[in-house]
Amino acid sequence: MKNTMKEKILCIAEGAVIIALAYVIELLCVWLNAITGVGALLVFGGTITISMLPIAYYSYRRGTAWGLGVGFVYSLLQMLLGFYIPPANTWWALVLCILLDYLIAFTVVGLAGLFAKPFGKHRLVGYCFGAVAVCLIRFVSSFLSGVILWGSYAPEGMNVWHYSLVYNASYMLPNAILTGVFAVIVCAALDPKTLRPMKKKKLEEIK
């Protein structure tokens, strides 16, 4: 009983650190986007970032249930620190905005461990796939939000589906690629299961 309680406390403590780390990385990436001029192109929100990596890493380490919990808390933090109200200021628009732009978009990152699990001993491949998969799910959520809630921002004469696809892909696809690459680098240097560098034999599995 004591060991179980101790393990839960450790998971909660690690989760708090992961949430703080994810937010610090997000702030750093926002700053980098600003100085490189990328932020000026994403006038309606969005950042090229790897801030989802800590949550994915936590999911690999502690499992899907804990990963979803941390992703959910992070989504609440995102709403608290920067909630964007959609143009159609109605109750249903607010509900959809909360779901698509925050709760679903960030909570699903906790599924990274679930997507990585089928790869078995090829863990690095799984870690990469898991990170990319959850970023792509987040992209779908943002894409639907763009169509349903933010379509009025589309340039005149431009199809709203096309606009949402191009706008969200412009930062979400780089996010997926970068998160996948950094997932391999970080997990190889610090295996989520052991918190030690992966052995050479493990690293060869990705080839």
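The values are calculated or read from the model by the stated rules, or taken from the named source; none is laboratory data. Note that the coordinates shown come from a computational prediction; the quantities given were computed from them, not determined experimentally. In case anyone asks, the SASA skips ligands and DNA or RNA and just uses the protein heavy atoms, side chains included. Shrake-Rupley method; radii C 1.70, N 1.55, O 1.52, S 1.80 Å.
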Tally of Lys pairs whose C-alpha atoms are under 16 Å apart, taken over the chain, 8 or more apart or cross-chain: 11
Exposure rank, largest accessible area first [Trp66, Trp150; 1.4 Å]: Trp66, Trp150
Distance between the stretch 88-122 and the stretch 130-169 - C-alpha centres, whole angstrom: 14 Å
Accessible surface of the chain [probe 1.4 Å, protein heavy atoms]: carbon and sulfur percent: 74 percent
Taking the chain and dividing mean pair separation by its residue count, relative contact order in percent (alpha carbons under 8 Å, at least six apart): 21 percent
Volume per residue of the C-alpha convex hull in the stretch 40-196, rounded to whole Å³: 110 Å³
Angle between the chain longest axis and helix 2-36 axis [Cα atoms, degrees, rounded to 10]: 40 degrees
